[in-house]
Amino acid sequence: MEMATLVINSGKCSWGKCIFCGYGKIYKKRTNRELTAILDDFFANLKDDSVVKIFGSGSFFDEKQIPKEIFEYFVNKCRENKISEIYVESRPQFITKEKILCLKETNAKINIAIGLESAGDKILKTINKGFKLRDFENAANLIHSLDCKVRAYLLVNLPVKNRNAELEKSVNYGLNYADSIVLINLLPHENSEIFDLWIKGEWNFLSKEEFFDITSKWKNNPKIELDVETFKFIPRFRDTKILDGVGEEFLTHPYFEVWQDYLQRWYKKPAGRESVLFLPCSAKKPYSESETHKKILNILSNLDKEKYKSVHQVMISNPGVIPREFENFYPLKSYNWDEKLENEFIKKRYIEVTKKRIIMYLQSQKYNEIFCFLKYTESYEALRLACEELNLDLKNLLKKETYKKMKEERKTSIVCEEALNDLREGMGEI
Ligand code: SF4
């Protein structure tokens, strides 16, 4: 049986205030003509007997989101296409007998999912869910009375006391009222209060390993599904201000700290990038638009294609380590650190903090080979000490003799001709 999923963003969630949800705040205006076209397109290639899952932020039964005519159009399409099973989502207040009976005209098995999140009224209040357990129970009873199935979403890792005990309570409660449960790893959405708690250090996401560890007791329960990543998780900030300055504040800024946390506990390097080449940052952002990086990239892009694809470029700077693919993300493209303003104390702190970050990063990524193209200053020192502590080999493609000569000739740029020759030669040998 084929499974087809449609994400249909239409209008706005009638509530939009759950503290963990950024999607509920988004308004997407859709005309009936657009919605009809979306459905036509979706059903065009479906096989008979397919299972259809409809996702959207808010409620499929809310007529402000899915107008009555579109709902009926959907029902007709399901009937015409002999859809065997349907999953839709709704807040309890929109789940009515009329809507369910209309959906049943499709002749498909019906599953109605409700974002219950937790089975405690106090917790529902804390996360500002906007309904109580009684509302969920009434909706679940109605769904069952009409021979349809209830699906409950529960969030793992809510910012509450006794998190694991509360989760266990919620699962047991859910099993009493729902036919299936999805345990969702709570990750910080952009534009949500939980994202702010993460930045303030008052809550933290679970790594995949931590999530599977906490939920392992339910992994073989046929009624329970585990969803470790409901959306492609990358830290996305609302803020846009430039983080401009030198000092502790800009070395361990909370925005940089959460990025490093993400890179150490969630991120996995792109497949095939077996070697890492650590590079310097640049004053101009994003890095690849600076003269320094243009020259470096020019050399790298002239490499044999396979070799180029196997090298992961990672910058070292005061935000920490920054893989090339994130250079356009805030605040990694919006900071300034003027080396001329550094004093001995901050240089020492820079090495300390950066070394720790590199250690954590290298422990989480596992490269076959480690190279860098760095002047023999603080970033290199932090990297050298990190590799030494991890007992890993490191090769700086900028030769010591070249750097010495650069200093004698007062050449400060790492992309002077002699240094670039070292890079070209070094990359050739990789
Ligand atoms: S979690 Fe659901 S109900 Fe809550 S704001 Fe988001 S879309 Fe709306």
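Bear in mind that the values in this text are calculations on the coordinates, not laboratory data. Quantities reported herein were computed from a predicted structural model and do not represent experimental measurements. Cβ: placed from backbone, ideal geometry, glycine included. Neighbour counts: every protein chain shown.
Note on LYS125: lysines with a C-alpha under 18 Å away, same-chain residues under 8 apart excluded, are LYS17, LYS161, LYS169.
Could you work out how far apart the two model spin labels at GLU325 and THR5 are, taking each label as a point 7 Å from the Cα in the direction of the beta carbon, and quote it in nm? Simple spin-label model gives 1.8 nm for this pair. Note on segment 209-305: the C-alpha convex hull projects to 10.4 nm² when averaged across all orientations.
The H on the amide N of SER118, modeled in the peptide plane, is under 5 Å from the matching H of LEU155, each at least 5 residues off or on a different chain. Net charge around GLY130, counting only other residues with Cβ within less than 10 Å of its Cβ (Lys, Arg = +1; Asp, Glu = -1)? Net charge in that neighbourhood comes out at +4. Result for the chain in a Gaussian network model with C-alpha springs under 10 Å: among GLU306, GLU85, GLU249, the largest mean-square fluctuation is at GLU306. Per-residue Karplus couplings for segment 173-190, computed as 6.51 cos²θ - 1.76 cosθ + 1.60 with θ equal to phi - 60°, are listed in order as 4, x, 5, 6, 10, 10, 7, 8, 10, 10, 8, 9, 6, 6, 10, x, 5, 4 Hz, Gly and Pro entered as x. Amide H to amide H distances under 5 Å link VAL150 with ILE112, ASP179, SER180, where only residues 5 or more positions off or on other chains count and H is placed in the peptide plane. Taking packing as the residue-averaged number of other Cβ atoms within 10 angstrom, the listed peptides 55-61, 380-386, 32-38 run from highest to lowest as 55-61, 380-386, 32-38. Sequence-ordered 3J(HN,Hα) estimates for segment 4-14 from the Karplus curve with 6.51, -1.76 and 1.60 and θ = phi - 60° stand at 10, 10, 10, 9, 10, 8, 9, x, 8, 3, 5 Hz, glycine and proline given as x. Relative to the dominant Cα principal axis of the chain, helix 291-301 is inclined by about 80°. Amide H contacts of ASN336: LEU243, ASP244, GLY245, each under 5 Å away and 5 or more positions distant or on a separate chain (H built 1.01 Å from N in the peptide plane; Pro and chain starts excluded).
Our note on the geometry: Cα centres of segment 16-40 and segment 251-310, 35 Å apart. Computed from backbone phi with θ = phi - 60° and the Karplus coefficients 6.51, -1.76 and 1.60, the 3J(HN,Hα) list for segment 395-403 is 10, 8, 6, 7, 5, 4, 4, 5, 5 Hz; x is used for glycine and proline. Rg of the Cα atoms in segment 3-184, relative to 2.2 N^0.38 Å, amounts to 1.03.
Can you give me the angle between helix 378-390 and the longest principal axis of the chain, using Cα atoms only, in degrees from 0 to 90, rounded to the nearest 10? So the inclination is approximately 70 degrees.
Given +1 at the Cβ of Lys and Arg, -1 at the Cβ of Asp and Glu and no other charges, the dipole of segment 243-429 around its Cα centre is 300 debye to the nearest 20.
Of the residues ALA152, ALA283, ALA119, the one that moves most in a GNM of the chain with alpha-carbon contacts below 10 Å is ALA283. Note on LYS68: lysines with a C-alpha under 18 Å away, same-chain residues under 8 apart excluded, are LYS12, LYS28, LYS29, LYS77, LYS97, LYS99, LYS104. Taken along the Cα-to-beta-carbon direction at a fixed 7 Å, the label points for LYS405 and GLU98 span 8.4 nm.
Applying the criteria of a DSSP loop state and at most 12 other Cβ atoms within 10 Å to the trypsin sites (Lys or Arg not before Pro) of segment 389-423 yields ARG410.
Extension gain for LYS305 to SER14 (0.36 nm times residue separation, less C-alpha to C-alpha distance): 99.7 nm. Over all other residues within a Cβ to Cβ distance under 10 Å of PRO270, the charged ones net out to +4, with Lys and Arg as +1 and Asp and Glu as -1. Axis of helix 344-365 versus longest Cα principal axis of the chain: the two differ by about 50°, to the nearest ten degrees. Charge dipole (Cα centre; +1 on Lys/Arg Cβ, -1 on Asp/Glu Cβ; no other charges) of the chain amounts to roughly 500 debye.
For the chain, the alpha carbon convex hull comes to 172 Å³ per residue, rounded to a whole number. How much net charge surrounds ARG410 when only the other residues with a Cβ under 14 Å from the Cβ of ARG410 are counted, with Lys and Arg +1 and Asp and Glu -1? Charge balance near ARG410 sits at +2.
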